[in-house]
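Below: one structure, written as structure tokens.
What follows is calculated from the coordinates using simple rules that are stated; it is not laboratory data. Note that this is a predicted model, so its numbers are computed, not measured. Reconstructed Cβ throughout: ideal geometry from the backbone, glycine too, with neighbour counts over all protein chains shown.
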Amino acid sequence: MRSIWLDELPAEPYPSLEGDTSADVAIVGGGIAGIATAYHLALHGASAVLVESRTVAEAASGRNAGFLLAGVAENFAAAARRYGETNTLRIWRFTRHNQDLVRALVAGHRIACDLAWNGSAQVAGDDDEWAEVRASADRLGREGARVRLAHTERSAIYDDDGELHPVRYVRGLARAAAAAGARIREATRATGVAATELRTDKGRIRAHAVILCTNAYSQHLVPLRIRPVRGQMLASAPLGRRVFERPAYANRGYRYWRQRPDGRLLVGGWRDTAVDEEVGEEERTTARVQERLEGFLRERAPDATVTHRWAGTMGFSHDALPYVGRLASGVYVNAGFTGHGMAFATATGELVADLVRAVSRDETDLFAPERP
Ligand SMILES: Cc1cc2nc3c(=O)[nH]c(=O)nc-3n(C[C@H](O)[C@H](O)[C@H](O)COP(=O)(O)OP(=O)(O)OC[C@H]3O[C@@H](n4cnc5c(N)ncnc54)[C@H](O)[C@@H]3O)c2cc1C
């Protein structure tokens, strides 16, 4: 089934590529990563052609929960053990910059995407996680995050986090990119990449640089440490009362829920209950995960009716951070968001566009594709 986001909007088609062409930069992938990359290149006057094998935001970018969180999927304390405290702070600041960018782009281009800043709840699933949630809140509070603890729910409320309609946002940014001169070509599949040329099933694009924004599907074009992992969600019919005050992210990010402004409840995740099954590129819902999602929905709102069930494919990297930067001469990547691309990809689009334009950036090492 289509996601609630894709289902409720009419198509906004772009033409496919018609034969050979040339550009400064060729981009593969019309999700948030590719569209943000095309936007930032076009903004700086580079000619960009973006090819998408399906339609803009039809893959993970049109199937997610629309959370705009700061930080990675893990809480700060757990992330600091993994990346070190200094780098975890740098990553956190980068995602705060992502939030600022989204805010500015939505305002500047008047993108009607229900962007709201109601904050998010980081909910602990067990005692160990609760200790980490508290330590994380304490540390980030000292960094200036507006955060408070809700002891009865064993959660930390981060007041600066946002939520939006992902398809309206990505399509709105695509319109802004096209208005700035980017050429977006749908139903066009990239079949081969070289330093100065992108081959597609509709023609060749000669370009000084090629940027792969192909997330879970990157391995089909280049060897990269990205594996496809499935995520599932459901949505209910609108309820006339508030059930969820703000987006919630629980059990180390494995479970999440929110309520849209129109009253619909969204529940997603529970992949931890079927880790062995939730792999690969098939956008298929399963009874095993959907029963868990519905079980949670029934607990919180017994009268809710499920109207949509869907699945999407995430691209997991080896260390849960995206790969952003140069892969080989003339070939760049902006992918591997590990289920957290709305939190990163508007800003990594800006970052990779800068790197291609030889603008030096402090964050380059954080997401370097060749890191150990
Ligand atoms: C159920 C679910 C819930 C999620 N919830 C959240 C959330 O709340 N917050 C958050 O931050 N993240 C969330 N995510 C993750 C987020 O959706 C992704 O990280 C993000 O959308 C990745 O964007 P992308 O542009 O890299 O990839 P995609 O949106 O997958 O786009 C890649 C595009 O490349 C195209 N492509 C691939 N190969 C080729 C080729 N050879 N030629 C042409 N085109 C090609 C594909 O068709 C696709 O459209 C969720 C994901 C899922 C599945």
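Work out Dmax and Rg for the range 238-372 from the C-alpha atoms and quote the Rg first, both in angstrom.
Rg and Dmax of the range 238-372, Cα atoms, are 18.6, 57 Å.
State, to one decimal in nm², a quarter of the convex hull surface area for the C-alpha atoms of the range 1-91, i.e. the direction-averaged projected area.
Result: a mean projected hull area of 8.8 nm².
Could you state the per residue volume, in Å³, of the convex hull enclosing the Cα atoms of the range 115-261?
It comes to 197 Å³ per residue, whole-number rounded.
Which value at 222 nm does the chain reach when only helices count, each DSSP H run of 4 or more adding -39,500 (n - 2.57), with the total divided by all residues and rounded to the nearest 500 deg cm²/dmol?
When only DSSP H runs of four or more count, the value is -9500 deg cm²/dmol.
Tilt of helix 85-108 relative to the longest C-alpha principal axis of the chain, in degrees (0 to 90, nearest 10)?
So the inclination is approximately 80 degrees.
In nanometres, what is the gap between the two model label sites at Glu18 and Asp272, each 7 Å from Cα along Cα-to-Cβ?
With each label placed 7 Å out from Cα toward Cβ, I get 5.3 nm.
Given 37 °C and 0.692 mPa s, compute D for the range 272-333 with the Stokes-Einstein relation, Rh being the Kirkwood radius over Cα pairs; round to the nearest whole µm²/s.
Calculated translational D: 220 µm²/s.
Using the scaling law 2.2 N^0.38 Å as the reference, what is the normalised Cα Rg of the chain?
The value comes to 0.95.
As a test of the definition: which semi-axes, in Å, follow for the range 13-54 when you take the square root of five times each eigenvalue of its alpha carbon gyration tensor? Largest first, please.
16, 14, 8
Kirkwood Rh over alpha-carbon pairs of the range 311-371, then Stokes-Einstein at 20 °C and 1.002 mPa s: what D in µm² s⁻¹, rounded to an integer?
This corresponds to a translational diffusion coefficient of 182 µm²/s.
Considering only DSSP states other than H, G, I, E and B, which chymotrypsin sites (Phe, Trp or Tyr not before Pro) in the range 71-121 qualify as loop sites with at most 15 other Cβ atoms within 10 Å?
Here the chymotrypsin sites (Phe, Trp or Tyr not before Pro) that fit, given the DSSP loop and packing criteria, are Trp117.
Quick check on packing: order 303-313, 36-46, 125-135, 142-152 by the mean number of other C-beta atoms within 10 Å, highest mean leading.
36-46, 303-313, 125-135, 142-152
To the nearest 20 debye, what charge dipole does the range 119-225 have about its Cα centre, counting +1 at the Cβ of each Lys and Arg and -1 at the Cβ of each Asp and Glu?
1120
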